Amino acid sequence: MMAHDTYNLMISLALDGQLAEEDEKELRQHIQGCGLCANTWDQMTMLDAMFNSQAEVNPPPDLLAGVMAYVEGYKMRRRWYPWLVASVSIISLLAALNIAAPLLVLSLGLYKPMLEWPTVSASLNAIAQAFYWLQAGADFSANTLRDWFVFLTTDPLMLASALSALVLASIWIGLREGFKSTALSLSEGVTSQQSV
Amino acid sequence: MNDQELVVLVLEGDQQAFAELVEQYQRSVYNLTYRMLGNAREAEDAAQEAFLRAYQHLKRYDPERPFKTWLLSIASNYCIDRLRKRRLTWLSIDEPLPAHPALTSNAPDPEDATLKSERQVAVQALLAELAPDYRAAVILRYWYDMSYADIAEMLDTTESAIKSRLFRARQMLVKQLNSGGAPGMILAMESA
């Protein structure tokens, strides 16, 4: 006599049409004499009927369009992806070279023979010269400004003269602009009267 | 034009051919994802993902096999993965509950639609009790009438494993029914 579990497995197989004819006969005989297995048979058959009676559900009407848009998005990403990877790789490589190359040149002393190359040597000299003149120009400007400031602050008469000159200049500019605008408005007034 | 010919065209870059395949199988794929995941929004997402995966791996498709079986195997395995991940995800309490199918149904007779949807809710509630592997086996067996061999191939396992999964699934479902089960279960069983 087999265990109930084995008969239950046979019930499951029978529902799927996977049980041999002889085994099915044995199962039916057992069910007739076993209330427990008969109950399991009834319940599994009921489940079977319940699942088999289920209708299909309708897919959403825009599923096709959604899938095609999704696929198109994927194709787009795939088109750009190699370019993106290549760009990131090149940028990373250049950044690494930018750091590694000067370090290598300095640490291995490679700059020494480079200095002997005429073009490199001349370029470096020109750059150094340019920096020298720039610095000289900046120094001269700073010194001149400083001297002027010292001169003006140590001589009150000169400072008063300079300030007076600034005030007179601004008065002169103001008066000149005022006359110009008055003359302009007067000429516009005459023109409009003539046209009327 | 048969599926294999359409696949060849897709591999040659014909987008329209893929649209034809989608149109032909969207119903099957959507039904599978709906049964597996239990709600329409997720089912739609999963169906889209399954079709995209099919498109991505079309070169691996073996023309000796039916295209539908291959496609459904992608969809079912994706749903199994998704259900496994879902277990690890915290559900947001702000997320609105899905509408009852009767409320969103387009059927002309509301009473009939309600009965049908009650049955559907009951069946979905029963399926939800099963582990993803078991659920896939039950769905492929009942809704797609597939043989043990086909299901085993689709889920990348053996026939005896499928035999065992279907048996265990039925045992669990019967137990669920005996314990009172999901809402609407009695109605569903009576009307089945």
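The values are calculated or read from the model by the stated rules, or taken from the named source; none is laboratory data. Keep in mind the model is a prediction, meaning the values are calculated, not measured. Backbone-built Cβ (ideal geometry, glycine too); neighbour counts: all protein chains shown. Note: accessible area is taken over every heavy atom of the protein model, side chains too, but ligands, DNA and RNA are not part of it. Shrake-Rupley method; radii C 1.70, N 1.55, O 1.52, S 1.80 Å.
When restricted to residues that are surrounded by fewer than 15 Cβ atoms within 10 Å (Cβ to Cβ) and either more than 10 Å from every other protein chain (Cβ to nearest Cβ) or touching a Phe, Trp or Tyr at 6+ places or on another chain (Cβ under 7 Å) (or both), segment A:1-23 contains 9.
Could you check, for segment B:134-142, whether at least one of its residues is under 21 Å from B:E118 (Cα atoms), open to solvent by less than 20 Å² (accessible area, probe 1.4 Å), under 20 Å from the mean Cα position of the chain (by Cα) and at pLDDT below 90? So far as segment B:134-142 goes, no, none of its residues is under 21 Å from B:E118 (Cα atoms), open to solvent by less than 20 Å² (accessible area, probe 1.4 Å), under 20 Å from the mean Cα position of the chain (by Cα) and at pLDDT below 90. A:M68: modelled with pLDDT of 90 or more, open to solvent by less than 40 Å² (accessible area, probe 1.4 Å) and touching a Leu at 6+ places or on another chain (Cβ under 6 Å), yes or no? Taking the combined requirement at face value, the residue does not satisfy it.
Kindly evaluate B:R65 against the criterion of being at the interface with chain A (Cβ under 10 Å from one of its Cβ atoms) and either open to solvent by less than 10 Å² (accessible area, probe 1.4 Å) or among the charged types (D, E, K, R) (or both). So that I can check it myself, show each step before the final result.
Numbers: at the interface with chain A (Cβ under 10 Å from one of its Cβ atoms): no; either open to solvent by less than 10 Å² (accessible area, probe 1.4 Å) or among the charged types (D, E, K, R) (or both): yes.
The answer is no for B:R65.
Determine whether segment A:75-85 contains at least one residue that is within 13 Å of chain B (Cβ to nearest Cβ), in contact with a helix residue (DSSP H, G or I) (Cβ under 7 Å, 6 or more places away or on another chain) and open to solvent by less than 90 Å² (accessible area, probe 1.4 Å). Checked against the condition, which is being within 13 Å of chain B (Cβ to nearest Cβ), in contact with a helix residue (DSSP H, G or I) (Cβ under 7 Å, 6 or more places away or on another chain) and open to solvent by less than 90 Å² (accessible area, probe 1.4 Å), segment A:75-85 yields no hits at all. Residues that are open to solvent by 20 Å² or more (accessible area, probe 1.4 Å) and facing chain B (nearest Cβ under 7 Å) within segment A:44-54 comprise A:M46, A:A49, A:N52, A:S53, A:Q54, listed in sequence order. Taking residues in segment B:25-46 that are at the interface with another protein chain (Cβ under 8 Å from one of its Cβ atoms) and within 12 Å of B:L71 (Cβ to Cβ), and partners anywhere that are basic (K, R) and in a helix (DSSP H, G or I), not one pair has Cβ atoms closer than 6 Å while being at least 6 places apart or on different chains.
The residues on offer are A:S121, A:S107, and the sole one that is more than 14 Å from chain B (Cβ to nearest Cβ), open to solvent by less than 80 Å² (accessible area, probe 1.4 Å) and without any contact (Cβ under 8 Å) to a residue 40 or more places away in the chain is A:S121.
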